[in-house]
Amino acid sequence: MEYTVRPGDTLFQIAKRFGVTVDAILAANPQITNANMIMPGQVITIPTEEAPPSGTTQYTVKPGDTLFKIAQQFGITLNELLRLNPQISDPSRISPGQVINVPVQAGPPPTGRVYIVQPGDTMYGIARRFGVSLQELIAANPQISDPSRLTPGQRISIPGGEGVPGEIVRTNITYGHANVMADLMALRRRYPFISSMVIGNSVLGRELVAIRLGTGPKEIHYNGAHHANEWITTPLLMKFIEEFARNYEEGSSWNGFDVRAIFRSTSIWIVPMVNPDGVELVQRGLRPGQPFYNELLRWNGGSTNFRGWKANIRGVDLNRQYRANWELARRAGPPGPAPALYAGPAPESEPETKAIANFTRAHNFRLVIAYHTQGEIIFWNYLNLAPTESRSIVNEFSRLSGYRAVSEAPEVAAHGGYKDWFILAYRRPGFTIEVGRGVNPLPISQFPRIWNSNVRVMLYAATV
Ligand SMILES: [Zn+2]
């Protein structure tokens with residue numbers, strides 16, 4: 001490729017930037033007679049030892065770029081961007097001017113949602129996943145010549161969500177990790193004031209994202225889907241992000257709350273899906289090629305029905321993993337991997353729990369809510385250690401939601417839960433809200449009722 005020398009460039013820097021040697025550049029540029037004399041504006045040839053991976057092009061890093069931002073911009077995940085750039089050893093260190101490989105921008109429009117084809121996917125399955133018709137999906141992807149043949153890694157444009165307020169997050173579909181990632185991209189494009197970061201990866205490498213609403217100094221945190229078959233809490237939080245952003249943009253009062261005032265005073269940090277591997281297992285079942293296939297069958301008592309599964313993909317219950325008398329949680333639960341209640345080999349042994357615990361330690365949360373299902377109850381205490389104000393806060397939660405506030409007696413407390421640890425470690429208000437009623441996984445038809453009960457709770461919690 002050709003490169004135009006910029007002021008301040010040296011051959012050594014250029015070589016480093018493109019991952020080649022100075023000698024290789026000199027060999028490709030016989031016109032350069034003195035390696036110390038290159039001039040701004042001069043065009044030199046950069047020898048590319050290997051062609052960039054097919055389907056990719058090159059991108060020059062701009063000031064302020066992060067790899068996560070670039071990945072979002074090109075509609076891929078951070079992990080996929082790293083796969084295209086094996087030369088990057090430390091993803092947190094990229095510098096302006098550096099050249100990296102990115103996918104060729106073809107097909108998906110800049111505002112749309114993008115889905116990366118996974119092994120075993122069909123157009124029909126993807127259409128169902130995103131709540132669009134097969135015809136719409138095919139029409140949105142004219143670049144696909146044969147819709148019956150998809151290649152894993154291929155990028156599919158998901159129609160809908162292009163600038164229509166209130167239309168990005170679908171709440172009438174089986175909402176999985178791919179929906180979180182695709183909707184997050186679309187939300188960030190539609191509402192550029194939404195920011196997000198990757199706080200870790202699941203056992204199987206899925207990205208755990210934290211999304212921030214607001215810029216204020218007061219920080220609060222909501223998370224969902226610690227438990228796999230409680231995934232309905234994820235679209236609850238995603239829809240809240242979308243509606244909060246829309247109301248912020250419109251500057252309107254929402255359910256009696258001044259969204260712009262909340263935005264200025266508070267940063268609401270939301271992790272919509274703590275346990276993506278478990279959620280995918282519940283939603284899609286055991287599929288050929290599934291990692292831990294045989295173990296999962298054994299841990300599930302030989303059954304291929306995983307609708308009762310709460311744990312992560314290693315059979316560890318992520319809400320028995322925190323440092324709140326973990327030893328007691330371990331003794332109370334099964335001795336090894338199981339659909340639920342196994343506390344794991346050590347506290348925070350699982351990457352998902354570790355990510356949430358580290359994220360919590362790295363912030364100064366005034367209040368946290370962990371969303372679970374079901375029962376329409378709110379747990380607000382742990383061993384009677386909750387601060388006094390927790391009681392008045394939960395009374396207001398209860399009034400707004402119609403849910404019942406419960407303070408478990410210390411002798412019946414479960415241990416190792418996220419809110420338990422938060423209360424124990426910080427003595428600040430921490431809550432577990434159990435939404436919905438019925439049998440897990442709750443049918444998505446309960447979404448409107450769950451939404452109505454919780455939207456004001458999420459708003460109010462940001463004001464206390
Ligand atoms: Zn739960």
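Each residue in the stretch 7-48 was checked for being closer than 22 Å to ILE94 by Cβ and of a type in the set (Asp, Glu), and 1 pass.
When the stretch 177-219 is limited to residues that are under 16 Å from VAL271 (Cβ atoms) and of a type in the set (Ser, Thr, Tyr), the one that is surrounded by the most Cβ atoms within 10 Å (Cβ to Cβ) turns out to be SER202.
Figure legend. Inter-residue proximity from the stretch 370-381: first residues under 14 Å from ILE393 (Cα atoms), second residues among the β-branched types (Val, Ile, Thr) and within 12 Å of the ligand (Cβ to nearest atom), beta-carbon distance below 6 Å, spacing 6+ or different chains. Indicated pairs: ILE378/ILE433; PHE379/THR432.
The number of residues in the stretch 184-204 being among the small types (Gly, Ala, Ser) and part of a helix (DSSP H, G or I) comes to 1.
Does ALA413 satisfy the condition of being buried (at least 17 other Cβ atoms within 10 Å of the Cβ), farther than 26 Å from TYR175 by Cα, assigned by TED's automatic domain parsing to the domain that holds ASN229 and not charged (D, E, K, R)?
Values: buried (at least 17 other Cβ atoms within 10 Å of the Cβ): yes; farther than 26 Å from TYR175 by Cα: yes; assigned by TED's automatic domain parsing to the domain that holds ASN229: yes; not charged (D, E, K, R): yes.
Yes; evaluated as a whole, the condition is true for this residue.
Determine whether the stretch 439-455 contains at least one residue that is surrounded by fewer than 24 Cβ atoms within 10 Å (Cβ to Cβ) and under 25 Å from SER349 (Cα atoms). The answer is no, given that none of the residues of the stretch 439-455 is surrounded by fewer than 24 Cβ atoms within 10 Å (Cβ to Cβ) and under 25 Å from SER349 (Cα atoms).
Working carefully through the options GLU327, GLU250, GLU295, find the one that is in the same structural domain as ALA340 (by TED's automatic domain parsing), surrounded by fewer than 15 Cβ atoms within 10 Å (Cβ to Cβ) and modelled with pLDDT under 95. Walk me through it before giving the result.
Working: GLU327 fails: modelled with pLDDT under 95; GLU295 fails: modelled with pLDDT under 95.
Testing whether each residue is in the same structural domain as ALA340 (by TED's automatic domain parsing), surrounded by fewer than 15 Cβ atoms within 10 Å (Cβ to Cβ) and modelled with pLDDT under 95 leaves just GLU250.
For the stretch 121-140, filtering for residues that are at pLDDT 85 or above and in a loop (DSSP other than H, G, I, E, B) leaves 3. In the stretch 366-375, is there at least one residue being of a type outside the set (S, T, N, Q), within 24 Å of the chain's Cα centre (by Cα) and more than 16 Å from the ligand (Cβ to nearest atom)? Yes, the conditions are met somewhere in the stretch 366-375.
Quick check, is ALA340 within 16 Å of the ligand (Cβ to nearest atom) and in a loop (DSSP other than H, G, I, E, B)? Even if it seems obvious, please write down each step before you answer.
Numbers: within 16 Å of the ligand (Cβ to nearest atom): yes; in a loop (DSSP other than H, G, I, E, B): yes.
Answer is yes for this residue.
Restricting the stretch 336-352 to residues that are touching a residue at least 40 places away in the same chain (Cβ under 8 Å) and of a type outside the set (D, E, K, R), which is surrounded by the most Cβ atoms within 10 Å (Cβ to Cβ)? Checking each candidate, the answer is ALA343.
Of all residues in the stretch 200-240 being in contact with a Leu (Cβ under 7 Å, 6 or more places away or on another chain) and farther than 18 Å from GLY278 by Cα, which is nearest to the ligand (Cβ to nearest atom)? Talk me through it step by step, then tell me what you get.
To start, the set of residues in the stretch 200-240 that are in contact with a Leu (Cβ under 7 Å, 6 or more places away or on another chain) comprises 200-202, 207, 209, 211, 220, 222, 224, 226, 228, 232.
Subsequent filtering for residues that are farther than 18 Å from GLY278 by Cα retains 211, 220, 222.
Values: ILE211: 21, ILE220: 20, TYR222: 14 Å.
Across the stretch 200-240, the extreme among qualifying residues is TYR222.
Scanning the stretch 376-395 for residues that are more than 16 Å from the ligand (Cβ to nearest atom) and surrounded by 17 or more Cβ atoms within 10 Å (Cβ to Cβ) returns ASN381, ALA386, SER390, ILE393, VAL394.
For every residue, the table says whether it meets (1) hydrophobic (A, V, I, L, M, F, W, C); (2) more than 23 Å from ALA182 (Cβ to Cβ).
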| residue | (1), (2) |
| --- | --- |
| GLY205 | no, no |
| LEU208 | yes, no |
| LEU213 | yes, no |
| HIS221 | no, yes |
| GLU230 | no, no |
| PHE240 | yes, no |
| GLY256 | no, yes |
| VAL259 | yes, yes |
| ILE262 | yes, yes |
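Among residues of the stretch 224-238 that are over 15 Å from ALA340 (Cβ atoms) and free of Cβ contacts under 8 Å to residues at least 40 places away in the same chain, none has a beta-carbon under 7 Å from a residue that is hydrophobic (A, V, I, L, M, F, W, C) and within 10 Å of the ligand (Cβ to nearest atom) at least six positions away or on a different chain.
Residues that are away from the ligand (no atom under 15 Å from the Cβ) and on the phi < 0 side of the Ramachandran plot within the stretch 422-440 comprise PHE422, ILE423, LEU424, ALA425, TYR426, ARG428, PRO429, listed in sequence order.
The values are calculated or read from the model by the stated rules, or taken from the named source; none is laboratory data. The model shown is predicted, which means the values in this text are computed figures rather than measured ones. Counting neighbours? That spans all protein chains shown, and the Cβs are built from the backbone with ideal geometry, glycine included.
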